[in-house]
1. Give me the distance between the Cα centres of the stretch B:388-410 and the stretch B:335-376, rounded to whole Å.
2. To the nearest 500 deg cm²/dmol, what mean residue ellipticity at 222 nm is calculated for chain B from DSSP H runs of n ≥ 4 alone, each contributing -39,500 (n - 2.57), summed and divided by the residues?
3. What percent of all Cα-Cα pairs in the stretch B:15-256 falls in each 10 Å bin, counting up from 0?
4. Enter the buried accessible area of the B/A pair, total of both sides, probe 1.4 Å, in Å² rounded to the nearest 100.
5. Work out, in µm²/s and without decimals, the Stokes-Einstein translational diffusion coefficient of the protein assembly as shown at 37 °C, 0.692 mPa s, Rh from Kirkwood over C-alpha pairs.
6. Give me the tail of P(r) for chain A as a percent: Cα-Cα pairs with distance above 33 Å.
7. What angle, in degrees between 0 and 90 and rounded to the nearest 10, separates the Cα long axis of helix A:234-247 from the longest principal axis of the Cα atoms of chain A?
8. In debye to the nearest 20, how big a dipole does the stretch A:149-251 give about its Cα centre with +1 on each Lys and Arg Cβ and -1 on each Asp and Glu Cβ?
Amino acid sequence: MQPLLKLDNVTGGYTRSKAVIKDISFEVHAGEIVALIGLNGAGKSTTIKHILGLLTPRQGKITIEGLQFADNPERYRSLYSYIPETPVYYEELTLWEHLELMAMAYGLKRSQFEERVQPLLEEFRMDKRKNHFPTQFSKGMKQKLMIMMAFLVQPRLYIVDEPLLGLDPLGIRSLLRWLKNCTAQGAGVLMSTHILSTAEAYCDRFVVIHEGRIKVQGTLAELQQLSGRPGASLDEIYLALIEEEEDVPPT
Amino acid sequence: MSRLPKRDLNHTEAGPLLSPGEMQVDLSLLAGQRINQFMGEAIRYWQYIGQSGLALSVIILFLLGLIYYDQLLAGIPNWWPLGITYAIIFTWLCFRTPQRHFIEEADLIFLTPREREMTNYFNKTCLYNLTLQMAGLVVVLILLYPVYRDLVQGVSQPGWAYFLLPIVLKGWNYYTHWSTLKMVEGNIRYTYHLLRLGYTFGLLLWWFEKGPWWFIIGFGLAGIAFLMFDWYLTRDRHYPWLALLELEKKQRSRFYSFCQAFVDVPHSQPQVKRRAWLAPLVSRLPFKQEAAIRYLYLKTWLRSRDHFGLFVRLTVLGSLGIYLLKDVWGQGLLYVLILFTTGIQLRGIKSEHQHHLWFQLFPVQDRLRKQSVQWLVRRLLTLQAVLLAAALWVSADSFPLTFLICLVALVAIHLVYSR
């Protein structure tokens, strides 16, 4: 089966001269949640920017459902939706108008929009604030706006960058529940996170990035086996991996 | 307005960050440094704005004003209450005393413990504000002096008092505004603002409407009493740090969004007004992917304080100028000039959006992004061209001429903004 998202030996960065990520290869299949794990500055967000098409890989290939960004940028962009780490919004638009704009930009019909929007507003408890401007929102509420915008589109692939910080416990539960629902209906999710316990509970596979390279990837069982720690939690495996890495003297 | 909680930071506990010696911020120099830094930045932006064609428009407008001064004067109807108009204009100029004190977020932690040493700092920032605002006031005083001299001035009123009175009032307003900022209670501050506004307007109205001379004694005493009472009430209060930070952010973002109207400013935060009465304009757009970017451009434009505000101001000023001028060449020139300036200003819309994350991610063809901005500019300029033509029609009373000028303008707009 063709993977939803496929990164094939991707090397890239912000400038021509310096590569931030090197030889990154992994896949996200329909129906699974893949966690992208790494320390601050490991290259998670840079990887995501390449997937979004905001950065062009210097080497290697990124495809969503077999399609590369350069082949058809509009079609490529319509295949995913993105939840950014820091909420990005228009000061001039209300919450409702953001959702409306999103629906229009992704080519939803008005009937589709109306059908999808109400359950989202209720799930994330933002119904009363739909005519407010996001400037007045807390960080968590802004984050909820980003989440609702992403779920509204119902794409094949969700790219989620560190979504849990700033969300209240109910918001976190709602987010994870919706992500699970989406994968049950055949979508795939790539989620970058620091919260390893949540990742362990909700994600099917894990890609560990360290200093721009993939350190290890696989299911929890595979990681336990690779690290020689049967029964260990993701947290323990990850810390052991990193410590082992940091012990190596610099070259 | 909540007061900043007094942190446990003081001279001794603040540790190495505020320890005596080279690490310590030299407060006597800080204000000057911050002012200079901002001035440097502002000058650069003004240079860009000048290059965008605004400077040219202003100079031509000024020359037009000089050439047609007599006509402008003749255009003012006899029944127009000039005295009250002058009083309103100068009340607005004297009462509005924006406060910029170059406070930064980190100051709430690092400078609050040294509040007692801040007098010098705030004296400097106050002087900065006052100098700028006085300069603006004096320019308007000079611009409006000829009309005043010819049509408003009383026989017994000396010319120097026309300049002196608003200048003194401005100083008085600035000081009282600055000190009432220290009042935490919102409603009392509001009452003070109202009193200040009433006093300013009353005094100016007395002057421009040539009230009995002995009123000045009452006004003088009331002004001094207000000043003393204000000083007495606020003498021991803390500086309103949080309020100053908010004001600083507001002023700064106003400056940036003004610049944004002409040039690309990184990280500017637009100021937003809801303007619900304009919503029907947007709801007429179809709910379609092709209209998404139009929706975005139109909605953000209608809500923006500066883009929208400048458009309205240019249109109103232009219409008024065209109405008052009686010479068809002058009118034609002004007509073109207003459209040209608005066109330049509207170009800013594009640069404002193009780096936004969502704008980049939307699965919409680049062709549509470009067409949508052209669409908006074309619509707005068409609207303005028609409104200005209406003013021309009323003034020139010649339908064929108005029609011709308007037609040429519309064709030009559609040619320039059709690609």
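The values are calculated or read from the model by the stated rules, or taken from the named source; none is laboratory data. If you're wondering where the values come from, they're calculated on a predicted model, not measured in any experiment. Note that each Cβ is placed from the backbone with ideal geometry, even for glycine, and that neighbours are counted across all protein chains shown. We work out accessible area using only protein heavy atoms, side chains counted, and drop any ligands, DNA or RNA first. Shrake-Rupley method; radii C 1.70, N 1.55, O 1.52, S 1.80 Å.
1. Between the Cα centre of the stretch B:388-410 and that of the stretch B:335-376, the gap is 28 Å.
2. Numbers: 18 runs with 297 residues, N = 419.
After summing the helix terms and dividing by the residues of chain B, the value is -23500 deg cm²/dmol.
3. Result, from short to long distances: 6, 24, 29, 23, 13, 4, 1, 0 percent.
4. Working: alone 23890 and 12540 Å², together 33500 Å².
Chains B and A together bury approximately 2900 Å².
5. Values: Rh = 29.9 Å.
In µm²/s, the coefficient is 110.
6. On the way: 6266 of 31375 pairs.
Cα-Cα pairs of chain A separated by over 33 Å account for 20 percent.
7. Roughly 50 degrees between the two axes.
8. Details: 8 positive and 14 negative charges, 144 e Å.
Its charge dipole is roughly 700 debye.
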